[in-house]
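For reference, the structure discussed in these notes is given below.
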Amino acid sequence: MQDEDLRTWIQAVDDLGELERFDGASWDLELAAISEIALRERRPPPALLFDHIVDYPSGFRVLNGLLNSPRRTALTLGLGADLDSRGLVQAWRQRLRSLEPIAPRLVERGPILENEQRTAAIDLWQFPTPKWHEEDGGRYLGTACAVMTRDPDTGWINSGTYRVQVHDERTLSIFISPGKHGLIHRQKHFSAGQPCPVVISFGQDPLLFLVAAQSVGYGVSELGYAGGIKGGPIAILAGDHGIPFPAHAEIVVEGVILPDETRTEGPFGESTGYYASGARDEYVMRVDRLLYRDDPIITAAPPGRPPGENTYALSICRSALVWDALEQAGVPDVAGVCCHPVAGSRMLHVVAIRQRYPGHAKQAALALLGCSQGAYLSRYVVVVDEDIDPYDLEAVIWAVTTRCEPEGDIDIVRRMWSGPLDPIVPPEHKGFSSRAILDATRPWEWRDQFPRVVAFRPEHLAEVRARWGSRLGPPGGAAPLPRPGVGA
Ligand SMILES: Cc1cc2nc3c(=O)[nH]c(=O)nc-3n(C[C@H](O)[C@H](O)[C@H](O)COP(=O)(O)O)c2cc1C
């Protein structure tokens, strides 16, 4: 079984040469700005470990930029180290085929029990919670976190990544978009006239963050899913409210979301690149137990203009899951899927198909828009022929501009699942948004007469390369231009 301790993971990233340490930065927009510069200017962006944070004891750390490279994504998912984005998507699909969930294992002890505070002794300000963006309405301890809730009807424990703002020593707010599992659980508890029990882990094995940030299925336990990926059960401790938490977590809070108390939540710089959901009243969580390891590490993934801190790994996982969903929906001959990091892995999806019959392209697009990984906050689906690489945005735009005639090849689907984060939807209409399907495949009826593509025969290019050798650079064609956050 792969280790489930964040600190082992950090050591492995250091061994890869992808960890950078910064001592002495401030929690107040400084470590955030260092992260932003590293994200935009370094290839691949390194993982950043901040220590000796201004105003806080040394050892109380923040880890940011966890999964923003192919090698760190591969390390976390247990895949081969030298795969590029396409290779990772295929390897992940392969792995998912044999994935059997493994239920977590209840243990008596774990490093998370090293420090404990209860009720009035709790002080959430003791952690160097960053202010991430200049116009944020507060400090957010939860970005790469796991918020665990229980379905009161079935007992199912969900784990989701939802942002968490600190309001005072014992008070947090959790922003959950409509339709997300944690909100459904909260609604059920509130409807029964009960507060909603909740446990949040603010630092944990990056795999637990990565699965919490995906929709792995309604009713599916993310802890079991993560155990299946690890090849063994995740060690958990029983919580006071019937919700367990990882024994190797760094910081854990237990408490309840109260149905009768709110605070102003937000604004917060969001994953679309805007402060779109603004500030509004949000129910608060009253913390009644706080646990943390010695020298705790906050794991972070502050959203922002994509590609961001979390879009690379999520793009890999989402592309694999969407591809599988298309096949499960009976869409044949899918040649590639990319849920693009440049659009936060949610708002632009490209599917390549080998066209087999009339309507094949539209079928692929509609299946994508209906599947659980493609339904939320989506906007554009582009379907291309198999000669177009869905990862290559230049090729995709070429296909759109030459094979997609707006009058007949663009369809609009209305009133789909959106939410408060959608910047183009005005406040009074938030909740719904439309989708555009761009059929950029060669028109079925005259595909065989469609103008031929201007290109050299591969054999001719190979002969020329053999003759002109090193003057022409590395074999295999032009290396793609590096795109921010996309990695290799
Ligand atoms: C860094 C990060 C922050 C996120 N913040 C939120 C958030 O504040 N609210 C929300 O509803 N979803 C947020 N998401 C998206 C959810 O994690 C995602 O939709 C996930 O599937 C939710 O879990 P669920 O499907 O079990 O509800 C965030 C994702 C990431 C990667």
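A few comments on the model shown:
- Most to least packed among 138-147, 123-132, 423-432 [average Cβ atoms within 10 Å]: 138-147, 123-132, 423-432
- Site pair Asp151 and Leu16 shows an inter-label distance of 3.4 nm when each label is modelled 7 Å from Cα along Cα→Cβ.
- Scaled radius of gyration (Cα, divided by 2.2 N^0.38 Å) that region 282-358 gives: 1.66
- Reciprocal mean inverse distance between Cα atoms of region 7-102 - Kirkwood radius, Å: 14.8 Å
- Rounded to two decimals, the Cα radius of gyration of region 331-391 over 2.2 N^0.38 Å is 1.03.
- Mean shadow area of region 110-266, taken as a quarter of the surface of its Cα convex hull (nm²): 9.3 nm²
- Inter-centroid distance (Cα atoms) of region 290-308 relative to region 414-450, Å: 33 Å
- Stokes-Einstein D for region 286-329, Kirkwood Rh over Cα pairs, 10 °C, 1.306 mPa s (µm²/s): 114 µm²/s
- Taking a straight line from the alpha carbon of Lys230, these aspartates and glutamates sit under 14 Å away, with near neighbours fewer than eight places off in the same chain left out: Asp3, Glu4, Asp5, Glu100, Asp205, Glu222.
- Summary of the geometry: region 207-285 and region 82-152, compared by the centres of their Cα atoms, lie 7 Å apart.
- Shape annotation for the chain: C-alpha extents along the principal axes are 76, 52, 43 Å, from largest to smallest.
- Segment Glu114-Arg471, extension gain: residue separation times 0.36 nm, minus the distance between their alpha carbons: 122.4 nm
- Eigenvalues of the alpha-carbon gyration tensor of region 217-350, scaled by 5 and square-rooted, set the equivalent ellipsoid semi-axes at 31, 23, 15 angstrom, largest first.
- Cα long-axis angle, helix 181-191 against the chain (0 to 90 degrees, to the nearest 10): 50 degrees
- Cα-centred dipole magnitude for the chain, charges only on beta-carbon of K, R (+1) and D, E (-1), debye, nearest 20: 1240 debye
- Phi to ³J(HN,Hα) by Karplus 6.51 cos²θ - 1.76 cosθ + 1.60 over region 291-304, Hz, x for Gly, Pro: 10, 7, 6, 4, 6, x, 10, 7, 8, 9, 8, x, x, x
- Expressed per residue, the C-alpha convex hull volume of region 186-231 stands at 90 Å³.
- Kirkwood Rh and Cα Rg combined as Rg/Rh, region 336-448: 0.98
- Against the chain, whose longest principal axis is taken from its Cα atoms, helix 6-16 shows a tilt of about 40°.
- A Cα-only calculation for region 261-411 places Rg and Dmax at 19.5, 62 Å.
- Applying 1/(1 + (r/R0)^6) with R0 = 41 Å to the Cβ-Cβ distance of Tyr218 and Glu445 gives a FRET efficiency near 0.55.
- The distance from the alpha carbon centre of region 311-357 to that of region 22-73 is 31 Å, rounded to a whole number.
- Excluding same-chain neighbours fewer than eight residues apart, the lysines reachable from Lys362 by a Cα-Cα span under 29 Å are Lys180, Lys430.
- Degrees, to the nearest 10: 30-41 long Cα axis against longest axis of the chain: 10 degrees
- Label-point separation in nm, Glu327 to Arg415, each point 7 Å along Cα→Cβ: 3.5 nm
- Whole-angstrom Cα spans of region 201-276 along principal axes, big to small: 40, 32, 26
- Hydrodynamic radius by Kirkwood, which averages 1/r over all alpha carbon pairs of region 146-234, in angstrom: 13.6 Å
- Potential extension, Ile184-Thr264 segment - 0.36 nm per residue separation minus Cα distance: 26.7 nm
- With 0.36 nm allotted per residue and the present C-alpha distance subtracted, the Gln94-Ala192 stretch has 31.0 nm of extension available.
Bear in mind these aren't lab numbers, they're just calculated from the coordinates by the rules spelled out. What you see is a predicted model, and the numbers here were worked out from it, not measured in a lab. Positions of Cβ are backbone-derived with ideal geometry, glycine not excepted, and every protein chain shown enters the neighbour counts.
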